[in-house]
1. If amide H atoms are built 1.01 Å from N in the plane of the peptide, which residues on other chains or at least 5 residues away come under 5 Å of the amide H of T55?
2. Note the full-extension length gain between T101 and E50 as 0.36 nm times their separation in residues minus their Cα-Cα distance, in nm to one decimal.
3. Can you give the net charge of the other residues whose Cβ lies under 11 Å from the Cβ of V46, counting K and R as +1 and D and E as -1?
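A short reminder: the numbers here are calculations on the coordinates, not readings from a lab. For clarity, every value in this text was computed on a predicted model and none was experimentally measured. Don't worry about glycine lacking a Cβ; one is built from the backbone with ideal geometry, like all the others, and counts go over all protein chains shown.
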Amino acid sequence: MPPSVTADMGAAEPDTDQSYAVSKPPKPTLLTLPGELRNRIYRLVVVPEETVIVTITCSRKDDKKAYLNIQPRQPALTYATKAMQRDVASIYFSEAVFSVTLRSWDHARFE
């Protein structure tokens, strides 16, 4: 008979020569959640209830280049990872409502 079976009961004995490691499942992170749940979280965080007022100011520091200053910037969450940037920016720019104002825009100066 094999050593793991008793002669009188026929039941298997626990194998004491091998140890069994019990691994814990990894802790979930935002990026390991299902995409639909992540997108719902992103919407709650980055899509404002009110209209986003965007002001674009154009200025020249020299005769060659025009500089645009756009306020406000995209949500800070878009700077976390490339995957988050793609997902969050897509949601933000497609679902937020924007009102754009142009300031210091001299067309003759920038031809």
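1. Q71, T101
2. Working: separation 51, 0.36 × 51 = 18.36 nm, distance 1.62 nm.
Additional length available on full extension: 16.7 nm.
3. Its environment carries a net charge of -1.
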